[in-house]
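A.B. asks: Next up is a structure, given as structure tokens.
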Amino acid sequence: MLVLGIESSCDECSIAIVEDGKRILSNVVATQIPLHRQYQGVVPEIASRTHTQWIEGVARQAFADAGVAPAQIGGIAATFQPGLIGSLAVGLSFAKAMAFALSVPFKGINHMLAHLYAPRLVADIAYPFLGLLVSGGHSIICVAEDFDKVRVLGTTIDDAVGEAFDKVAKHYGYGYPGGQVIDDLAEKGDDRAFRFPAPSLHKGDHRYDLSYSGLKTAVIHHLDSYRRDGAPATPENICASFRKAAIDALLAKLLLAAEDTGISTIVAGGGVAANAYLRRSLAARKDLAVHFPPLALCGDNGAMVAGIAYHYFARGETDGFDLAPQSRVPIFKRGLNPA
Ligand code: KG4
Ligand code: ZN
């Protein structure tokens, strides 16, 4: 079965065609980064307007790259939650219109579940596993029991990890988007130049939760208090020390969850899964089976949407055309969490 997947939750306009949840026939990712760079962040109005202008061309390219005609498509899916509401609405409406025109099933997809599916496009991974979902909007540690069934163990109580990278880079003018820029600078720096504080969280119920606002404030406003004697405050050193503190905090909670649950398979997803230090640190753990998406599938892409959608279609699960986009998913954020 050929599934067409649309991802438009933020600033990537992406459409892919994937066979049987596995074989990527095409995956066109049109990034809006150059349009948002001058604002040092995604401007929702520009994002949705640009999706509207680009989506037809991206779809045509996805068909051309795959060498497939619309009549061969067996199902159509689009991200419907979480994300920027206007951006989601563009991809979702386009998907519904195509499904209606082609008389094929339609399914709305959760963006974070799609990120968690990305490594499964290149490897067979058995459930259950521990999921590490790290992006610009989320930092989630979860147990995945199936492609559509996750139990959130921990989440950030304030900023997401990618957001902290973006804010530090913006403050110091390192470049946009911040995650990759900081990662690259960090490779050339000394991560012992600054000793930033580990997040302090209340112990108790939420032992896997994360917090990034304290670290962000330390790096942005109190840099000198954490500088080690004689260490030069170069961008490379600031980035290396910040990256180590940010990722070590993530690793500590993830490894705690692995120990507590006895689950030793770890699957990472989301933009921050591209982080070189995170990838190296987990790859070095010989006691764990670690799966990262290839770099091209860490960020937002249509292939992960088409890939996961196949499994819903295989079960006969579809959505009606009245499915509405949703900006937030309560279980992914502490405070909105019913538990
Ligand atoms: O998954 P994604 O493309 O979009 C969201 O769903 O948010 O993730 C984007 C986030 C941004 O915060 C970006 O700075 C971060 O992922 N990111 C990185 C790296 N590459 C992208 N963070 C750390 N290291 C990287 N190499
Ligand atoms: Zn994402």
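A.B. asks: I'd like to check something: does the stretch 137-149 contain any residue that is outside any strand (DSSP E or B), modelled with pLDDT under 95, of a type outside the set (A, V, I, L, M, F, W, C) and in contact with a strand residue (DSSP E or B) (Cβ under 8 Å, 6 or more places away or on another chain)?
C.D. replies: yes
A.B. asks: Now, a different point. Quick check on the stretch 112-121. Is at least one of its residues more than 15 Å from T318 (Cβ to Cβ) and surrounded by fewer than 20 Cβ atoms within 10 Å (Cβ to Cβ)?
C.D. replies: The answer is no, given that none of the residues of the stretch 112-121 is more than 15 Å from T318 (Cβ to Cβ) and surrounded by fewer than 20 Cβ atoms within 10 Å (Cβ to Cβ).
A.B. asks: List the residue pairs whose Cβ atoms are under 8 Å apart, where the first residue sits in the stretch 290-308 and is without any contact (Cβ under 8 Å) to a residue 40 or more places away in the chain and over 14 Å from M112 (Cα atoms), the second is open to solvent by less than 30 Å² (accessible area, probe 1.4 Å) and within 10 Å of ligand 1 (Cβ to nearest atom), and the two are 6 or more positions apart or on different chains.
C.D. replies: Matching pairs, first to second residue: L295/A274.
A.B. asks: Only one of (1) open to solvent by 20 Å² or more (accessible area, probe 1.4 Å); (2) more than 11 Å from ligand 1 (Cβ to nearest atom); (3) in contact with a Phe, Trp or Tyr (Cβ under 8 Å, 6 or more places away or on another chain); (4) not aliphatic (A, V, I, L, M) is not met by S281, so which one is it?
C.D. replies: (3)
Residue by residue, here is whether (1) under 28 Å from H311 (Cβ atoms); (2) touching a residue at least 24 places away in the same chain (Cβ under 8 Å); (3) within 12 Å of ligand 2 (Cβ to nearest atom) holds:
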site: M112; (1), (2), (3): yes, yes, yes
site: A118; (1), (2), (3): yes, yes, yes
site: L121; (1), (2), (3): yes, yes, no
site: L133; (1), (2), (3): yes, yes, yes
site: E145; (1), (2), (3): yes, no, no
site: R151; (1), (2), (3): yes, no, no
site: F165; (1), (2), (3): no, yes, no
site: Y172; (1), (2), (3): no, yes, no
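A.B. asks: Oh, and also: Kindly establish whether A198 is at pLDDT below 95, aliphatic (A, V, I, L, M) and either open to solvent by 10 Å² or more (accessible area, probe 1.4 Å) or in a loop (DSSP other than H, G, I, E, B) (or both).
C.D. replies: yes
A.B. asks: Run P330 past the list (1) over 30 Å from A186 (Cβ atoms); (2) in contact (Cβ under 8 Å) with a residue 60 or more places away in the chain and report the number of the one that doesn't hold.
C.D. replies: Of the numbered conditions (1) over 30 Å from A186 (Cβ atoms); (2) in contact (Cβ under 8 Å) with a residue 60 or more places away in the chain, the odd one out for P330 is (2).
A.B. asks: Something else: Inspect all residues belonging to the stretch 235-247 and state whether any of them is within 30 Å of G302 (Cα to Cα), within 16 Å of ligand 2 (Cβ to nearest atom) and surrounded by 23 or more Cβ atoms within 10 Å (Cβ to Cβ).
C.D. replies: For the stretch 235-247, residues within 30 Å of G302 (Cα to Cα), within 16 Å of ligand 2 (Cβ to nearest atom) and surrounded by 23 or more Cβ atoms within 10 Å (Cβ to Cβ): absent.
The values are calculated or read from the model by the stated rules, or taken from the named source; none is laboratory data. Because the structure is predicted, anything quoted here is derived from the model rather than measured. Positions of Cβ are generated from backbone atoms using ideal geometry, with glycine treated the same way; all protein chains shown enter the neighbour counts. Protein only, heavy atoms only, side chains kept; ligands, DNA and RNA dropped before computing areas. Shrake-Rupley method; radii C 1.70, N 1.55, O 1.52, S 1.80 Å.
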